[in-house]
1. Between HIS77 and ARG382, what is the spin-label point distance in nm, taking each point 7 Å from the Cα along the Cα→C-beta axis?
2. Over all pairs of distinct alpha carbons, what does the Kirkwood formula give as the hydrodynamic radius of the stretch 319-380, in Å?
3. Between helix 256-268 and the chain, what is the angle of the helix's C-alpha long axis to the longest principal axis, kept within 0 to 90° and rounded to the nearest 10?
4. Mean projection of the alpha-carbon convex hull of the stretch 145-319 over all orientations, in nm²?
5. Only helical DSSP H runs with n ≥ 4 go in: add -39500 (n - 2.57) per run for the chain, normalise by residue count and round the 222 nm mean residue ellipticity to 500 deg cm²/dmol.
6. Using the basic label-point model (7 angstrom from Cα toward the beta carbon), what is the LEU445 to GLN298 distance in nanometres?
7. If you fit an axis through the alpha-carbon atoms of helix 475-485 and take the longest principal axis of the Cα set of the chain, what angle between them do you get, 0 to 90°, nearest 10?
8. Counting residues in the chain as N, plug N into 2.2 N^0.38 Å and put the Cα Rg over that result.
Amino acid sequence: MSAAERILIVDDDELTAELYMAEIEAAGLGRPVVCTDSREVMKVVDEEEISLVLLDLHMPHIGGIELLSEMNEHAPHATVIVITAIDRVDTAVECMKQGAFDFMSKPVDGPRLVTAVRHALRIRELEREVSTLSTHVGASELENPDAFASIVTRSPEMYRVFAYVEAIAASPKSVLIVGESGSGKELVARAVHEISGRTGRFVAVNVSGLDDAMVSDTLFGHEKGAYTGAASGRRGLIEQATDGTLFLDEIGDMAVNAQLKLLRLLQEEEYYPLGSDVPRKARVRIVAATNADLDARQREGTFRRDLYYRLIAHTVRIPPLRDRRGDIALLVDHFVRDAAESLDRQPPRVPESVYRGLERYGFPGNVRELQSLMYDAVSTSRGEELDLSAVEARLGIALDTGTGEVHGAAPGDDSEHYSTDPSAVERKVAGDIPPIHVGSRFPSLEEVEDYLIDLAFRKSGGNQTQAARLLGVSQSTLSRRMQKRR
């Protein structure tokens, strides 16, 4: 729950009202305000942005039913929970007819009160999110374009992602950003933070491989003397990101034992620094990112299912660069200018063959790979035109300057080429790679796929990353394909 939620407690018994306030504050559910005079209630509701009202039914001056009717008419945005000492069905029914969200009988113990308040605020939050999402459907313009200025795109798919980010940015719930390596997950996470309006910092950490002890120290911090060598206390990243956003990158590679600590943090919204017996409230929004298949990791037992469901309150899926090829030319020009500026030189002219050729390349490394490629090409270019050989050497492909076609071998490579002649009978390659026959028996798609995988591994010397690049797929996709063959 957001600590900014305003909760109005209306009860003529000052002691009861203060007890309710103490329970709500201890649970970190919002900022409660007490009103013991029913004649002042509507004034407070008008002046404050009240999210929730705890309303006593029987009070002097103005009764709870009358106040409920007034609030339903003049402050419909406020959720009302009625609390009364009279436990009668007809009274409860009347309150519900007047628009009450819930009805509780006195005495109300602390845990029950906290549960009711938390539930009411969650329902309110969901209703607000649905309303926001509905206003974004079909929206032609973004409300916060500056937040996405660092993401170079004209892709409709990406603009749909931006619209969704705008819709969920203000929510206190966790966000999981899913996308291949290099697709721009951290840029989207920063946009979520910027639009959220949070006053704290954006703090990013790669949690890949962090074990239980490292997670505790990195995220939660420690007290002086917590362990041998802890000469002074250390603020964890959660504290550094107070009232802000904590971005956990590569969450799919987090150690299983460490996942349990993160789960507790999300469930209880509090944590213990190492060496401390006093819990601290976690006033931070968690945004996580992964390029892993978390469904598969759950089946393998390497990712906790309960943590997964805590993280996916909101899920953002970023399309890979190969699914938005219309962005490639735009990104090429952007990165060429960027690289030239950093090298203090004029941007070289980009031949059309580069645009056409790159649009046919798979880009397993996505935008980050293209950025690196263009920087390297600009660095090695000495004339007014971008050096094609640098691009070809990095990708292991040839760009035909006449047609812009991408060929499977780099210039000077005398290895086999793929014949388009249907009369070709057989191609044999070295080693134990089976021949492909065309004519006497047409090969199946699986046979051709197996052949190309084997050929890619032979050309890359068994390096899976390079093989994936030659095939134009991500390393994880190639790994899954190899597992199916076993």
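1. Label at HIS77, label at ARG382, 6.6 nm between them.
2. 11.7
3. Tilt of helix 256-268: around 30 degrees.
4. If you wrap the Cα atoms of the stretch 145-319 in a convex hull and average its projections, you get 10.3 nm².
5. -13000 deg cm²/dmol
6. Going by the 7 Å Cα→Cβ label model, 2.8 nm.
7. Result, in degrees: 70.
8. Rounded to two decimals, the normalised Rg is 1.30.
FYI, it's all coordinate maths here, none of it is from the lab. The structure displayed is predicted, hence computed values, not measured ones. Note that we place each Cβ from the backbone using ideal geometry, even for glycine, and neighbour counts take in every protein chain shown.
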